[in-house]
Amino acid sequence: MIYLFDILALGVAAWLAYKLALYGRREKNLPPGPPTTFLLGNIPDIPSKKAFHAFAGWAREYGEIYSLKLGHKTTIVLNSPAAVEAIMEKGSRVTQDRPKMWLFDHYMYDHDHLIFSSVPSKVYQLRRVFATFLNQTTAQSYLPIQNAESCQLLYDIMFQPDGFFTGVKRFTISLMFSLTYGTRASRIDTPLAALYYEAADKTNELLADRSASLDFVLILRVMPSWMVSWRKQTDCLNAQERQLTSELMQKLSSRRKARQVGTNSFMEQILDNSKEFGLTDNMMHTLPLLILQAGADTTACAMLSVILLLLGQDDVLAKAHAELDAVVGRHRLPVLSDMEYLPYIRAIIKESERLRPTNPLGFPHAATEDQTYAGYVVPAGVTVLCNTWALGHDPTLFTDPENFSPERWLDPADRHADTWPFGISRRVCPGMHLARNSVALVITRLLWAFDIKKKIDPMSGCPIEVDTLDYAEGLVLCPNKFQADFILRGRESAETIRHELREAIPQLEMHEGSLEQSDKDHIQHMRTAL
């Protein structure tokens, strides 16, 4: 009997040893990839900062599709338009899901956050809401407040050029507050704007440092808070986010009770149609939160990247100014309908999207069924990434890909380039049209009003150089703070900005009914000087 038990024990031990030996190793028929390490797979190979550079290097080494082993999990990385089209567009039925990102999807948002949700029924419900209120047609109805807030941005930069970086961020968060809840942010340090950006910084820190480890090292999920820091940090973030949406909703509810004129904001429309969508209380928190996160951060970072990449590009600026002067003239601001006649401005924006995508590795997708591509298997259960950075920097797709050259977009562009910055196929960003309109409007108006130059060092008289790769990572890739100078293009620019802002005041006032007194005082002081 003891002999039989020993045999069974040895058999179990041998089986466990065999399974352990396979842990972290690449299975047969998977695409190739970098060599793996026992147990950990390729986890030690992925740098903690700017991992997209490593992913792009592997794309050059292993081609249009490769695989990574992250512990017991597999990630398939796509690096060519053909691979993306076959697996993520034509195969979108089986790659539209998200992998289970435990910290954000399960612990924080209970599967109710559209970016992170891995529950198909909830994704369908949430996308239905966004499709109703954030489609291409409804995006046009938001143009009046976009125009008004962009006038405020131009005025702010005209009087304080050094504040352009925070000015862009104020524009985007004020716009999203207005569109989502009907109340704007007149200053970057107004309490709710400050609360939003404090929470955004915590989100980026968690995404960059801790969230992935909870997917691979399962014991971290159950360890007490005194042993791990993620639980306390996440609970603090969750409290801040709920405070933000709660206070904004309270302002909206107070205006509705007082029967103030509505602004047709996103949440007003949700409240008016609540029975139709059947949203839970948690969804009433996560829906507007996503709009704020995607609309404020992504849009601001895209605008700041354009500004950063334009520094020192005198030829590009000269061509942009010439096009704007010919199409728009010098006595009115550009409007969105002008973009049809501004191919070079469109090319500048597309070139920035290519060189500095806000999401360089895309958001991960999950395969629910096996697929084959180029003789390799993309098995069910793996994570699939569209390697946006590698695609935009591929010399077989773009000549001299590290060079900022808007001219490359003046020829008919590959249609894939239009969707790379906003996701792929069925999980494309629902706010894409709103974001594109904001970026186009602001960049066009900044180029019309200002000559954007490198800042001059007052001591040496030389231009202050900027690092066009100095970016912070998190939910999106965003330039770290940099210096630039905004020089008015003549007296008519100042006169037009003042006039347009005065005309925009009634639109802005519609979103100022529940501002703090300090914000009202700030606005009154500024408008007195108009």
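Which of the cysteines in the chain are isolated, no other cysteine C-beta under 4.7 Å?
Cys151, Cys236, Cys386, Cys429, Cys462
Amide H to amide H, which residues 5 or more places from Ile456 or on other chains are under 5 Å from it, using H placed in the peptide plane?
Residues meeting the criterion, in which the H sits 1.01 Å from N, are Ile464.
Can you give the Rg to Rh ratio of segment 147-268, both from alpha-carbon atoms, with Rh computed by the Kirkwood formula?
The Rg/Rh ratio comes out at 1.10.
Write down the Å³ per residue value for the convex hull defined by the alpha carbon atoms of segment 291-448.
125 Å³
If one computes the Cα centroid of segment 75-130 and of segment 232-265, what distance in Å separates the two points?
27 Å
Under unit Cβ charges (Lys, Arg +1; Asp, Glu -1), what dipole magnitude, rounded to 20 debye, does the chain have relative to its Cα centre?
On the way: 55 positive and 61 negative charges, 224 e Å.
The calculation lands at about 1080 debye.
Angle between the Cα long axis of helix 281-292 and the longest principal axis of the chain, 0 to 90 degrees, nearest 10?
60 degrees
For the chain, with the dipole built from +1 on Lys and Arg beta-carbon atoms and -1 on Asp and Glu ones, taken about the Cα centre, which of Thr37, Trp58, Ala302 lies farthest toward the positive end?
Result: Thr37.
Could you state the principal axis extents of the C-alpha atoms in segment 2-528, from the largest down, to the nearest angstrom?
Here the spans come out as 96, 57, 47 Å, largest first.
For Tyr373, enumerate residues with amide H under 5 Å from its amide H, sequence gap 5+ or separate chain, H modeled in the peptide plane.
Here the answer is Val378, since their amide H atoms fall under 5 Å of that of Tyr373.
With the Cα gyration tensor of segment 219-322 giving a ≥ b ≥ c as the square roots of its eigenvalues, does the rule (a/c under 1.5 for rounded; else a/b larger than b/c for prolate; else oblate) give rounded, prolate or oblate?
Here segment 219-322 falls in the oblate category.
Which pairs in the list Lys100/Lys481; Lys69/Lys481; Lys49/Lys169 are over 29 Å apart, alpha-carbon to alpha-carbon?
Lys100/Lys481; Lys69/Lys481
Amide H of Ala366: which non-local residues (sequence gap of 5 or more, or other chain) have their own amide H closer than 5 Å, using H built in the peptide plane?
Under 5 Å from the amide H of Ala366: Asp97, Arg98, Val384.
Here, each number is a calculation from the coordinates, and none is a lab measurement. The model shown is predicted, which means the values in this text are computed figures rather than measured ones. Heads up, the Cβs are rebuilt from the backbone with ideal geometry, glycines too, and the neighbour counts pull from every protein chain shown.
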